[in-house]
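K.L.:
What follows is a single structure, and I will ask about it in a moment.
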């Protein structure tokens, strides 16, 4: 494994507000490139004041669709995150792992729920 890479969420997004999935995608893309190069990443949330699950799903959750849980766990280190944001990240990660274990089943369940809503 090569040297570690440090990624500042604040610098990638350009704001302390990490709410949009488009901004999360920018973070994801940096992480995916580093992982693809077999580099560990220290992901810093220093100076981030607001975070949403949409942002975290795009930034980190979708990594579980490309990389194994073991790869993400060994290659990603989260730093400088507020406790409430860490709790949100944990929920996002758990949901992503479940989703990517059986993506077809989850997609089917969503379709069924949406079809039921159309019947109302």
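K.L.:
Round to the nearest 10 and give me the degree value, 0 to 90, for the angle of helix 21-36's Cα axis relative to the longest principal axis of the chain.
P.N.:
Here the helix axis deviates by roughly 60 degrees.
K.L.:
State the extension gain, in nm to one decimal, for the chain segment bounded by residue 32 and residue 79, taking 0.36 nm per residue of separation less the distance between their alpha-carbons.
P.N.:
15.1 nm
K.L.:
How far is helix 83-101 tilted, in degrees, relative to the longest principal axis of the Cα atoms in the chain, given as a value from 0 to 90 rounded to the nearest 10?
P.N.:
In the chain, helix 83-101 runs at an angle near 60 degrees to the longest axis.
K.L.:
Can you tell me the alpha carbon radius of gyration of region 5-119 divided by the globular rule-of-thumb value 2.2 N^0.38 Å?
P.N.:
That works out to 1.12 for region 5-119.
K.L.:
Taking 0.36 nm per intervening residue step and subtracting the Cα-Cα distance, what contour gain separates residue 90 from residue 20 on full extension?
P.N.:
Here the segment from residue 90 to residue 20 would lengthen by 23.4 nm.
K.L.:
A follow-up question, please. Helix 103-119 against the longest principal axis of the chain: what's the angle in degrees, Cα atoms only, rounded to the nearest 10?
P.N.:
It is inclined by approximately 50 degrees.
Quick note: the coordinates plus some simple rules give every number you see, no bench work behind them. Everything numeric in this text was worked out from a predicted model, so none of it was measured.
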